[in-house]
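Coordinate-derived values only; no laboratory data. Worth saying up front: this structure is predicted, and the values here are computed from it rather than measured. Cβ sites come from the backbone with ideal geometry, for glycine too, and all protein chains shown count toward neighbours.
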Amino acid sequence: MTQTAIVTGATSGIGRATALRLARAGFHIIATGRNPDRGAETVRQVQAAGGTAEFHSFDVTSESDWAAFANTVTSAHTSVDALINSAGSFFSKPLPDTTLAEFRELWTADVESVVLGTKYGLRMMRDTQSAGSIVNISSLAGLIGLDDCAAYCAAKAAVTHFSRVAALEGAQMDPKVRVNSLNPGVIYTEMITGAYGDNDAVKAFVMDGNALQRVGTAEDIASAATFLASPAARMVTGTAMLVDGGRGAD
Amino acid sequence: MTFDVKDKVVLITGAASGIGAATARLAAERGAHVIATDLDGERIQGVAADCHCIGLKHDVTSEDDWDNAITAAVHHYGRLDALVSNAGIVNYEPIIDLDMARFRSLNQVHVEGSFIGLQRAVAQMRAQADGKPATGSIVLTASVMANCAAPTISAYAVAKAAMANMARAVGVEVGRKGDMIRVNAVCPGPTRTPLLEGAMPPGAMNDPAHWTDVPLGVPQEPEDIAESILFLISEESSFMTATQMVVDGGWSLT
Ligand SMILES: NC(=O)c1ccc[n+]([C@@H]2O[C@H](COP(=O)([O-])OP(=O)(O)OC[C@H]3O[C@@H](n4cnc5c(N)ncnc54)[C@H](OP(=O)(O)O)[C@@H]3O)[C@@H](O)[C@H]2O)c1
Ligand SMILES: NC(=O)c1ccc[n+]([C@@H]2O[C@H](COP(=O)([O-])OP(=O)(O)OC[C@H]3O[C@@H](n4cnc5c(N)ncnc54)[C@H](O)[C@@H]3O)[C@@H](O)[C@H]2O)c1
């Protein structure tokens, strides 16, 4: 029977690459995001790679959107085997200049989105009796500090630790659901180019911060997400899997 | 779904039993060229015969044995792509009873053994690189005990913490040097192998009741650790270095 994977933030960067990698592993892809044109492009790329995919447009910060989406998914599919919560956003600003409204907006986009995604993911897996795997895309910033990123670091620390506790709850379900956070270092996607620019100086800066001295790609994270979603990680739950080229180690 | 290790030349220590044997078997099944080594020169030949791979007697505390093992890999396959430093022993004793000889032997096998292996493997990976950036993946089998605690496990916990941070320190060093050699630690929780069996009352390891303190509630098998090790060897983890990968069914969460 075909396995099903939901990927949020699948209209861009890490989410799109993960949708493609999971499709190569044989999963039917349920891609989500807000931008329907970019969603259609993800579906096209999955199909071009020989996979199957559908796209659902909704806002991951809205509980009513998640509830409706979960209903649609469980009516149409007999299992939900993986959920990758990749939707999120980022800004960098010194703390004295950061407004509470900006902090709250990021908290909603990065933390509440993942809390809702995990809640409805557990429900969808329960309702379809699936021994699923939930992967929450956190960040190296959730484990160490980054200059001028207090709001983002706090949000990603929350996602990392929330995922540990969700893992305990998932382990009490029948069948059991695994929950992990996946913590990327700096990955060259629109999130980085949007904030810092897309040029050789940014690339050089990114490379130099990594012990391996190469640019991290969305595909690097897609591979790790696929590992966590797969039976190879049958006993991996409640961990924070770091994929950062050694950036956080020195 | 598996992560490709085909044609990789992989040296695995402590491969006569448990996690090392499972890693050798899965790697060989998936097309890797395996050099399986162990202190127990007899049992390692049994594993080698099962896996159709090379088996060698190899005490990881001996520098000469390490040189032999790496030479064997290069002799048979021309290079070394991955090292799994996995040989291990365990000791359960209250700190006041622990004598220095036993403390030292734990550190010799895990810390010195891994250290010599890292030196030799990095040297070989650089030597074979032919002027290009050296590549390779080194995985140290540490333990959740690198970051957790339980009574009577102090010497083992010291050795495993040293291994985990050795992966981090050496990972940073070889990366910064311009190489693409990666070094990571795997941190298993309790796993159904002879090493764990020795620590428990007879029969307990195979009794499901014993596994209820693991959130996932089922025994962790050596293959579960082997899968993570093989992911770390595969190119799909090529952006991972200096990390610790925990595989414990949630054991260390509470
Ligand atoms: N790039 C990095 O260096 C890096 C490092 C560590 C962690 N991360 C994390 O990785 C995740 C993915 O980042 P990325 O680099 O792939 O960024 P990206 O290319 O900017 O993609 C972000 C995705 O999130 C979706 N999204 C944002 N807000 C949404 C909302 N309210 N509702 C629905 N979808 C929403 C966007 O889709 P629509 O525009 O279609 O809504 C887009 O697909 C994020 O959680 C990020 O924090 C990234
Ligand atoms: N089983 C667990 O619960 C568990 C948990 C965490 C970590 N680990 C670690 O995993 C590794 C493998 O353990 P296992 O559970 O498979 O144990 P095991 O006892 O089944 O296998 C260990 C192997 O290492 C070999 N060995 C011991 N000393 C050696 C030496 N000086 N040179 C070469 N080989 C030597 C032994 O002969 C044996 O074949 C060890 O490092 C162990 O500490 C095990």
- Dipole magnitude of the range A:4-243, debye to nearest 20 (Cβ charges: Lys/Arg +1, Asp/Glu -1, about Cα centre): 740
- Item | Dipole in debye (nearest 20) - the protein assembly as shown, about Cα centre, beta carbon charges: Lys, Arg +1; Asp, Glu -1 | 420
- Message: As I understand it, the dipole of the range A:1-135 uses +1 on the Cβ of Lys and Arg and -1 on the Cβ of Asp and Glu, about the Cα centre. Which of A:Val43, A:Leu95, A:Thr108 lies farthest toward its positive end?
- Response: A:Val43
- Note on the structure: At 10 °C and 1.306 mPa s, the Stokes-Einstein diffusion coefficient in µm²/s for the range B:58-164, with hydrodynamic radius from the Kirkwood sum on alpha carbon pairs, is 106
- Note on the structure: Here the relative contact order (percent) of chain A, from C-alpha pairs under 8 Å and at least 6 apart, is 20
- Globularity ratio of the range A:4-243, using Cα Rg and 2.2 N^0.38 Å: 0.96
- Using alpha carbons only, what's the Rg to Rh ratio of the range B:71-111 with Rh from Kirkwood? 1.27
- Note on the structure: Here the convex hull volume per residue of the range A:31-112, taken over Cα atoms and given in Å³, is 120
- Item | For B:Asp38, A:Asp250, A:Asp97, A:Asp220, order by how many other beta-carbon atoms lie within 10 Å, fewest first | A:Asp97, A:Asp250, A:Asp220, B:Asp38
- Just the projected area, averaged over all directions, of the convex hull on the alpha carbon atoms of the range A:109-250: how many nm²? 8.6
- Roughly speaking, what is the centre-to-centre gap between the range B:135-166 and the range A:163-238 when only Cα atoms are used, to the nearest Å? 24
- Taking Cα centroids, how far is the range A:94-162 from the range B:17-85 in Å? 43
- Note on the structure: From DSSP H assignment alone, runs of 4+ in chain A each adding -39500 (n - 2.57), the sum over residues rounded to the nearest 500 puts [θ] at 222 nm at -14000 deg cm²/dmol
- Computed over the range B:80-139, the ratio Rg/Rh where both radii use C-alpha atoms and Rh is Kirkwood: 1.20
- Message: Regarding the range A:79-189, what's the average projected area of the Cα-atom convex hull, expressed in nm²?
- Response: 6.8
- Message: Tell me the net charge near B:Leu106. Cut-off is 11 Å between Cβ atoms, B:Leu106 excluded, with +1 for each Lys or Arg and -1 for each Asp or Glu.
- Response: +1
- Task: Quick one: grab Rg to one decimal and Dmax as a whole number for the range A:96-157, Cα atoms only, in Å.
- Result: 14.6, 48
- Message: Given contacts defined as C-alpha pairs under 8 Å and at least six residues apart, what's the relative contact order of chain B, whole-number percent?
- Response: 20
- Query: On average, how much area does the Cα convex hull of the protein assembly as shown cover when viewed from any direction, in nm²?
  - Reply: 24.5
- Item | Cα long-axis angle, helix A:150-171 against chain A (0 to 90 degrees, to the nearest 10) | 30
- Note on the structure: The Kirkwood hydrodynamic radius of the range B:157-220, taken as the inverse of the mean 1/r over all distinct Cα pairs, in Å, comes to 14.3
- How large is Rg/Rh for the range B:196-253, to two decimals, with Cα atoms and a Kirkwood Rh? 1.08
- Message: How would B:Lys132, A:Lys203 line up from fewest to most surrounding beta-carbon atoms within 10 angstrom?
- Response: B:Lys132, A:Lys203
- Query: For chain B, what percent of Cα pairs sit more than 35 Å apart?
  - Reply: 10
- Task: Rounded to the nearest 500, what is the 222 nm mean residue ellipticity of chain B from helices alone, with -39500 (n - 2.57) per DSSP H run of 4+ residues and division by all residues?
- Result: -12000 deg cm²/dmol
- Message: Test of understanding: express the Cα radius of gyration of the range B:1-125 as a ratio to 2.2 N^0.38 Å, with N the residue count.
- Response: 1.09
- How many partner chain Cβ atoms sit within 10 Å of a residue's Cβ in peptide B:172-180, on average, as a whole number? 4
- Item | Whole-Hz couplings from phi, Karplus 6.51/-1.76/1.60, listed for the range A:222-231; x for Gly and Pro | 4, 5, 5, 4, 5, 4, 5, 7, 8, x
- Considering the options A:Pro231, B:Pro201, B:Ser17, tell which one lies farthest towards the positive end of the dipole of the protein assembly as shown, charges being +1 on Lys and Arg and -1 on Asp and Glu at the Cβ, about the Cα centre. A:Pro231
- Message: Please flag any cysteine in the protein assembly as shown that has no other cysteine's Cβ under 4.7 angstrom from its own Cβ.
- Response: A:Cys149, A:Cys153, B:Cys148, B:Cys187
